[in-house]
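**Q** Sending over a structure as structure tokens; questions will come in a sec.
The values are calculated or read from the model by the stated rules, or taken from the named source; none is laboratory data. Computed from a prediction, not measured in an experiment: that's the story for all the values here. All Cβ positions, glycine included, derive from the backbone under ideal geometry; neighbour counts span all protein chains shown. Ligands, DNA and RNA are excluded from the accessible area calculation, which covers all protein heavy atoms including side chains. Shrake-Rupley method; radii C 1.70, N 1.55, O 1.52, S 1.80 Å.
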Amino acid sequence: MAEVLWHLTKPAENWEHLRDTVFGRYLKGSILLVVGTATLSILFGVSSAWLVACCEFPGRKIFEWALILPFAIPTYIAAYAYFDLIDRLTPLLIWVRVNINQEAMTLLNDTIVYPVTIIVLASVLYPYVYLVARTAFTRQSSQYIESARTLGHGPHSTFWCMALPLARPAIVGGVALVVMETLNDYGAVEHFNIPTFTTGIFRTWLAGGDLPGALRLAACLMTFILLLLVLEKWMRFGARFHKNSQSDRPFQRFPLGQAKAGVAIACCLLPLVIGFILPLSRLVYWAGLTVAKVLDMSFLKLTLNSIGISTAAGLTTVLLALFLAYTAKYFGSRTVRATNRLAILGYAVPGAVIAMGILLVAKQLNSATGWVFTGSLTVLVLAYIIRFLAVAWHPIDSGMEQNCEQLNNASRSLGASTAQSLIQINMPLLCNSLVAAGLFVFVDTMKELPLTLILRPFNFETLSTKTFDLAKQAQIPESSVSALCIIIVSLLPVVWLNRQIRTMEK
Amino acid sequence: MSLLSIQNISKQYTVTDPPALNGMSFDSERGKIVALIGVSGSGKTTLLRIIAGLETPDAGIVVLDDKTLNSSSVFVSPEQRSCGLVFQDYALFPNKTVYQNIVFGKGATDDSVRLKQLIEMAGIGGLEQRFPHEISGGQQQRVALVRALATRPKLLLLDEPLSHLDPDLKDSVRTELLNLFRETETTTLFVSHDIDDAMAIADRIVVMRDGKTEQVGQPSEIYKRPINSHVARLFGKTNFIPAGLIRGAHHVFEDEKGKGMIAPIRPHQWRIIEGATDDSNAFRGKVKSMINRGAHLEVALETEHLNLTLHLNAKTSIQVGSLLTVGCSLTE
């Protein structure tokens, strides 16, 4: 990151050209996309979370878990599933050209892609908001909600005056993740042809071969992200007031009458249909048509590539996360804890920026050692570790918080060394967290696109790059088989996550 | 005149668990303070939540001020019940100041003079702009109380109102609570497992066991005349003496295990008898153990037929193993 940020101060040959021609478009595109996706994710996520957590209506229990399912669909696959959405608007564009003029049509064409992309992105990213909001409503606020009711507040004013302000810090956290994912996305924005920083980095580096220019754009994106992180911290200011008021008693939900229940079902169904049911059914249909053509030895090879690289990334990331979390817990000096915080920041950094940073370091290593680091699998795995360390670190750290601290102290007071305590006491107890951490990294690696596209060795294909390549060649139905494979694997952590949350909320 | 009427309320959470409430009934008069007491799991809080409308009973009727709140065909939502509820951990909104918490209730600001009086009466004047985490536990409790009272509820419900306070604070808060209830003439129902709280505050006590009403009465009446050994034990240590061994007992009840009639004698009712005695209620035995409780000495005495617990003057000079003759005072 430092390497990338450093490039803001270095001269770049084509920078002035980039700044004058495309920089404004990238900035505008990124901001529009971020604001739109965040707003729609809040609408989808908070409304469905409130309904599922605090209201009673037919199908509520099914929606409770079903609303997480869009998590399994990567943004670029959702975009491919709706590939023809813009095409279907062609008659409207023609009508505008015929009845108004060419400029109006171009303007409409350039504008219409934003709402379409925003809807597609928000419909698969809203679960970040849904999950934290649901937990905030059920786990943290249940007694406050009951209290508001006994003070004479009905569902409407309870939501606006009490539940929503209380859940705000949690919701901001969820929205921050949506924003990071939006800025990280490459496949969907590339497909809908929206200029963002990420697409800019790709175009400048891969198409233009201009590394300093791409690095500058990456540095701008990074600055943008850092500003957002500061904004998030500021907006979560109220979090320190938050107190867990969970009652161990069942929570009496607001019963909804027939008409309101109908509206509630529609509200929950809408994001679920757009974000999961519709894309999945289209992909299944296309896969049925093309499976015989696609399934061959090369498909097996790229599946094995995906599994191999994801396993390597999963194992190494978990080991490093375990080491970091353990040292932070038991040698808890400020420096160690700060190193931990810094190390897990990688998840906030878009894949394209990490790729640029790694590329830069690898190039320097190439010239320093005489070995070829660029385009090697080692560098790719290293990039995955940087990007997904937080994904592994969080479950391991919270596992340690829950289980191990007292036991570890006990084992050390009985004469065991820290290493013995880790291996004999902590690791067996952390088993579930370690498996979960590994699974998360495995799946995230399998889904990952921008980083893989930039850093993969020559001719190294994975399920995600194959999906992207085929889609880029307008062979969307053919790409559906590999897309479906990714979705099926991605469902595993979604199921696990749902089980965890249900246990936590009981 | 009865303000609250609870009739045959039943509630079972899961088929495998025993019912939380099993045909619970009692009435409460207007302006009175009623304590619901019982061991944990006896259904106290469940009943409180049913009255507040936060849970639905499987069967039974709740009537408040002649309005049916719960029956087989009626359910009035919590926000329309006019029942203020103070939660065990107060549930003050952490993102709102003390004043914002107090005026959050519907109608809380309708009478600003009364609101000001309430704040002054509760002794929380000057804390209005602070956040809940910036005030003490006792102050939080009073804020929660004022918040509930500000809406002028017909019935105030309190869930273990004093359980979070340390013993020093408890006594003063008890007195303040009592004054506040009396001055605002609020009908109050509170749940407690602490007999001292119930004895100090309540006009009437409802003893609950296994989801049913076991005994209802004034505190002193239940203390002196428990209807069975469970109620007697709930109100403190008791010696259960077979009625045949004691003459002139003012209160006896049937033993639950069918061993005949029992006379409950409290440990403080015993006194040492020096020298020979012809008292027919005297027991002689050996001191098995002694615990100095500060204000008194708790002695375990083993007699020929009974094991007695006595509370004797702290200055009594006896040793473990010494022989002692004790008699009991049977005056109420």
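**Q** May I ask you to say which residue of A:Ile425, A:Ile454 is in a helix (DSSP H, G or I) and touching a residue at least 40 places away in the same chain (Cβ under 8 Å)?
**A** A:Ile454
**Q** Of the numbered conditions (1) touching a residue at least 24 places away in the same chain (Cβ under 8 Å); (2) within 12 Å of another protein chain (Cβ to nearest Cβ), B:Val63 satisfies every one except a single condition; which is it?
**A** (2)
**Q** Here are A:Ala325, A:Ala313, A:Ala343: which of them is of a type outside the set (Phe, Trp, Tyr), modelled with pLDDT of 90 or more and either surrounded by fewer than 20 Cβ atoms within 10 Å (Cβ to Cβ) or in contact with a helix residue (DSSP H, G or I) (Cβ under 9 Å, 6 or more places away or on another chain) (or both)?
**A** A:Ala313
**Q** Report yes if A:Ala176 is modelled with pLDDT under 90 and either touching a Gly at 6+ places or on another chain (Cβ under 9 Å) or more than 13 Å from A:Ser41 (Cβ to Cβ) (or both), otherwise no. Give the derivation first.
**A** Working: modelled with pLDDT under 90: yes; either touching a Gly at 6+ places or on another chain (Cβ under 9 Å) or more than 13 Å from A:Ser41 (Cβ to Cβ) (or both): no.
In short, no.
**Q** Could you tell me which of the residues B:Arg147, B:Arg182, B:Arg142 is outside any loop (DSSP other than H, G, I, E, B), in the same structural domain as B:Gly60 (by TED's automatic domain parsing) and in contact with a helix residue (DSSP H, G or I) (Cβ under 6 Å, 6 or more places away or on another chain)?
**A** Going through B:Arg147, B:Arg182, B:Arg142 in turn, the sole match is B:Arg147.
**Q** From (1) in a helix (DSSP H, G or I); (2) more than 30 Å from A:Ile145 (Cα to Cα); (3) open to solvent by 30 Å² or more (accessible area, probe 1.4 Å); (4) at pLDDT below 90, pick out the condition that doesn't hold for A:Leu93.
**A** (3)
**Q** List the pairs whose first member sits in the range B:198-213 and is assigned by TED's automatic domain parsing to the domain that holds B:Leu177, whose second member is among the basic types (Lys, Arg), and whose Cβ atoms are under 7 Å apart, counting only residues at least 6 apart or on separate chains?
**A** B:Ala200/B:Arg174; B:Ile201/B:Arg174; B:Asp203/B:Lys32; B:Arg204/B:Lys32; B:Met208/B:Lys44
**Q** Run B:Ser40 past the list (1) within 19 Å of B:Leu234 (Cα to Cα); (2) open to solvent by less than 20 Å² (accessible area, probe 1.4 Å) and report the number of the one that doesn't hold.
**A** Result: B:Ser40 fails condition (2) only.
**Q** Any idea which of A:Ser157, A:Ser147 is open to solvent by less than 10 Å² (accessible area, probe 1.4 Å), among the hydroxyl-bearing types (Ser, Thr, Tyr) and under 16 Å from B:Lys96 (Cβ atoms)?
**A** Criteria check complete, one pass: A:Ser147.
**Q** Could you look through the range B:16-57, keep only residues that are among the basic types (Lys, Arg) and under 16 Å from B:Gln88 (Cα atoms), and pick out the one that is nearest to the other protein chains (Cβ to nearest Cβ)?
**A** Looking at residues that are among the basic types (Lys, Arg) and under 16 Å from B:Gln88 (Cα atoms), I get B:Arg49.
**Q** With (1) under 30 Å from A:Val481 (Cβ atoms); (2) in a helix (DSSP H, G or I) as the list, and A:Ser48 as the residue in question, which single condition is left unmet?
**A** Exception for A:Ser48: condition (1).
**Q** For the range B:72-110, which residues satisfy the criterion of being out of contact with any helix residue (DSSP H, G or I) (no Cβ under 9 Å at 6 or more places or on another chain) and more than 21 Å from B:Ser136 (Cα to Cα)?
**A** Kept after step one, since they are out of contact with any helix residue (DSSP H, G or I) (no Cβ under 9 Å at 6 or more places or on another chain), are these residues of the range B:72-110: B:72-76, B:80, B:82, B:100, B:107, B:110.
Once the filter is applied, which keeps residues that are out of contact with any helix residue (DSSP H, G or I) (no Cβ under 9 Å at 6 or more places or on another chain) and more than 21 Å from B:Ser136 (Cα to Cα), the range B:72-110 yields B:Ser72, B:Ser73, B:Val74, B:Phe75, B:Val76, B:Gln80, B:Ser82, B:Gly107, B:Asp110.
**Q** When the residues of the range A:160-186 are filtered to those that are facing chain B (nearest Cβ under 10 Å) and open to solvent by 20 Å² or more (accessible area, probe 1.4 Å), which remaining residue is nearest to A:Leu231 (Cα to Cα)?
**A** Here the residue is A:Arg168.
**Q** Within the range B:116-135, how many residues turn out to be in contact (Cβ under 8 Å) with a residue 12 or more places away in the chain, more than 14 Å from chain A (Cβ to nearest Cβ) and open to solvent by less than 60 Å² (accessible area, probe 1.4 Å)?
**A** Qualifying residue count, the range B:116-135: 7.
**Q** Out of the residues in the range A:249-264 meeting the condition of being within 10 Å of chain B (Cβ to nearest Cβ) and open to solvent by 50 Å² or more (accessible area, probe 1.4 Å), tell me which one is modelled with the highest pLDDT.
**A** Step one: filter the range A:249-264 for residues within 10 Å of chain B (Cβ to nearest Cβ), giving A:249-252, A:254-255.
The next check asks that each one be open to solvent by 50 Å² or more (accessible area, probe 1.4 Å); those that pass are A:249-250, A:255.
Working: A:Arg249: 68, A:Pro250: 68, A:Pro255: 89.
For the range A:249-264, the residue satisfying everything is A:Pro255.
**Q** Answer yes or no: is there a residue in the range B:200-221 that is modelled with pLDDT under 90, under 12 Å from the mean Cα position of the chain (by Cα) and surrounded by fewer than 19 Cβ atoms within 10 Å (Cβ to Cβ).
**A** yes
**Q** Can you name the residue in the range B:76-93 that is of a type in the set (S, T, N, Q) and either at the interface with chain A (Cβ under 7 Å from one of its Cβ atoms) or part of a loop (DSSP other than H, G, I, E, B) (or both) and is also farthest from the chain's Cα centre (by Cα) among such residues?
**A** B:Ser77
**Q** Condition first: touching a Lys or Arg at 6+ places or on another chain (Cβ under 6 Å) and closer than 30 Å to B:Met199 by Cα. Can you find one or more residues in the range B:304-318 that meet it?
**A** Taking every residue of the range B:304-318 in turn, at least one turns out to be touching a Lys or Arg at 6+ places or on another chain (Cβ under 6 Å) and closer than 30 Å to B:Met199 by Cα.
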